[in-house]
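Take a look at the structure below.
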Amino acid sequence: MTISLSDAGKRFNRDWIFRHFSYQFETGQSYAITGPNGSGKSTLLQVLSGSLMVNEGKIQYSIHNKDCTAENIYQHVSICAPYLEVVEEMTLKEFLSFHEGFKPFLPGVTVGQIIESIGLEKAVNKQIRFYSSGMKQRVKLAQCIFSSSAIVLLDEPCTNLDSTGIDLYNRLISEYCSDRLVVVSSNDENEYRFTTRKINMGDYK
């Protein structure tokens, strides 16, 4: 999987969020997107996911050297972000099974194994609306990382996590993301310490 941006820019109304962004993201590499608040970190992540289109320049997706359209890239993307919600009226088991119907989990991984991996066995039959903020974040991470997707996008992935949760996050990244394209949007080094490339959005104003 390769995502290539050429002289790309994104604006809202008359305000440019970023401009003249040229970069190539490749499978097997991990990238940190950093920069001041409002510099376009989350916006770039949404552009990479295909949910936002650029206003200038172009973005191209390639899978096994074959082009993939922006309209179809969602099939290959999973994302974890504070602004994305889970279905809180469901139990954890119901929610993961529901999600699996839309996007399969990694080969050989079951719902039961996921629940055990994120340490929520005792809360498996409780509605997610009764979870703490940290427990909900574990669910969001599980939904993202265990999905069978070539691209993993993480926006401030350790939001609401305590030290044990941060350790869990780093373990999941190490065990399940080494052969995928991973992009982390954050200014917290704890969230992107593992990445191999760093992009400062302040350079694209």
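Read the figures in this text as sums done on the coordinates, not as results from a lab. Bear in mind the structure is a predicted one, so any value in this text is a computation, not a measurement. Positions of Cβ are backbone-derived with ideal geometry, glycine not excepted, and every protein chain shown enters the neighbour counts.
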query: Does the stretch 140-157 include one or more residues that are aliphatic (A, V, I, L, M) and farther than 14 Å from residue 78 by Cβ?
result: no
- request: Could you tell me which residue of the stretch 49-70 is surrounded by the most Cβ atoms within 10 Å (Cβ to Cβ), considering only residues that are under 18 Å from the mean Cα position of the chain (by Cα) and part of a loop (DSSP other than H, G, I, E, B)?
  value: 50
task: Check off (1) part of a loop (DSSP other than H, G, I, E, B); (2) without any contact (Cβ under 8 Å) to a residue 12 or more places away in the chain; (3) not aliphatic (A, V, I, L, M) for residue 194 and give me the number that stays unchecked.
output: (2)
query: Among (1) more than 19 Å from residue 24 (Cβ to Cβ); (2) over 16 Å from the mean Cα position of the chain (by Cα), which single condition is residue 203 missing?
result: (1)
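Surrounded by fewer than 19 Cβ atoms within 10 Å (Cβ to Cβ) and either small (Gly, Ala, Ser) or within 13 Å of the chain's Cα centre (by Cα) (or both), is that true of residue 28?
yes
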